1. Search region 132-149 for residues that are more than 13 Å from Phe221 (Cβ to Cβ) and open to solvent by 90 Å² or more (accessible area, probe 1.4 Å) and pair each with any residue that is part of a loop (DSSP other than H, G, I, E, B) and among the small types (Gly, Ala, Ser) when their beta-carbon atoms are under 6 Å apart and the residues are at least 6 apart or on different chains.
2. For Gly168, indicate whether it is at pLDDT below 95, over 30 Å from Val51 (Cα atoms), open to solvent by less than 90 Å² (accessible area, probe 1.4 Å) and under 31 Å from the mean Cα position of the chain (by Cα).
3. Being modelled with pLDDT of 95 or more and either out of contact with any strand residue (DSSP E or B) (no Cβ under 7 Å at 6 or more places or on another chain) or open to solvent by 40 Å² or more (accessible area, probe 1.4 Å) (or both) is the filter here; which residues of region 1-38 pass it?
4. If only one of Thr225, Thr206, Thr173 is loosely packed, with under 10 Cβ neighbours inside 10 Å and either modelled with pLDDT of 75 or more or not in a loop (DSSP other than H, G, I, E, B) (or both), which one is it?
5. Scan (1) touching a residue at least 40 places away in the same chain (Cβ under 8 Å); (2) buried (at least 18 other Cβ atoms within 10 Å of the Cβ) for the single condition Ser211 breaks and write down its number.
Amino acid sequence: MNWKTITSAIVLCAAAGTASAVGSLADVTVYDRAQGRTLPVYQHEGRHYVVGKPGNEYQIRVRNRSGADILTVMSVDGVNVVSGETADWSQTGYVLGRYQGFDVKGWRKSMERTAAFFFTEHENSYAARTGRPDHVGVIGVAMFRKKTEPEAFIPRERLSDARREAAGAGVGTEGNAPRAGAADSVAGPRPAPAPQAAEKSTALGTGHGRSEASRVTYTRFERATALPEEVIAIHYDTYNNLVAMGVIRAPQIARPMPFPGQFVPDPR
């Protein structure tokens, strides 16, 4: 094996433990807004992890890789990011157009504003403060394809003038919903506030941060299946906790040896 081959093998081994995106139907990444970078994803025992730094705001980036609309039902710490309900994949979510991306920066407070996500102590997380501390430390995205209906062929001469005009304009059987862009659309009911409570722990969670402008519109979306096409889970915690869990291998610290050689060398 020559030197170039050895070098390539070392690089591949070093990179094998991390990635930046998770998913096949869509790419899901976690972007640290304070550091201005996408957090590397570590794989350990079949799970994906990222390192969160307490106090830093972050956002979840989702990019649709398919050629059709998809619905993304998203949760943080077991709470639906749009409705504030205890998360279930049958709930509301964001609709993304084909090959389109969207940055989810916080908890949806209205059609115009969100409360920023930020890493914080478990007891200060939104989930713990609303009496739901059991699933703090994980981001989830359940993805659904849109149901497509077969089109019936009707001879054009049998259509009335009004229906011909509608057909030429592409009016769907369910009608058109206003949307500022597929990625800015919400499918489902409006969010409702959650009750307040508290729970203490030492793990990392996601807080309910500052208010930001984030406009979305409603759109109609009928799921092709009752179960998600794909479910993504990205766990997060502090660097020290992930090292303690064995997710990240800490760098080896050189320890001095009392008898490293035999004779006294000349100084440089």
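1. Taking only residues 6 or more apart or on different chains, the pairs are His135/Gly78.
2. In short, no.
3. Result: Tyr31, Arg33, Ala34, Gln35, Gly36, Arg37, Thr38.
4. Thr225
5. (2)
The values are calculated or read from the model by the stated rules, or taken from the named source; none is laboratory data. Bear in mind the structure is a predicted one, so any value in this text is a computation, not a measurement. Note: ideal-geometry Cβ built from the backbone for every residue, glycine included; neighbour counts use all protein chains shown. Remember, those area values only see protein heavy atoms, side chains included, never the ligands or the DNA or RNA. Shrake-Rupley method; radii C 1.70, N 1.55, O 1.52, S 1.80 Å.
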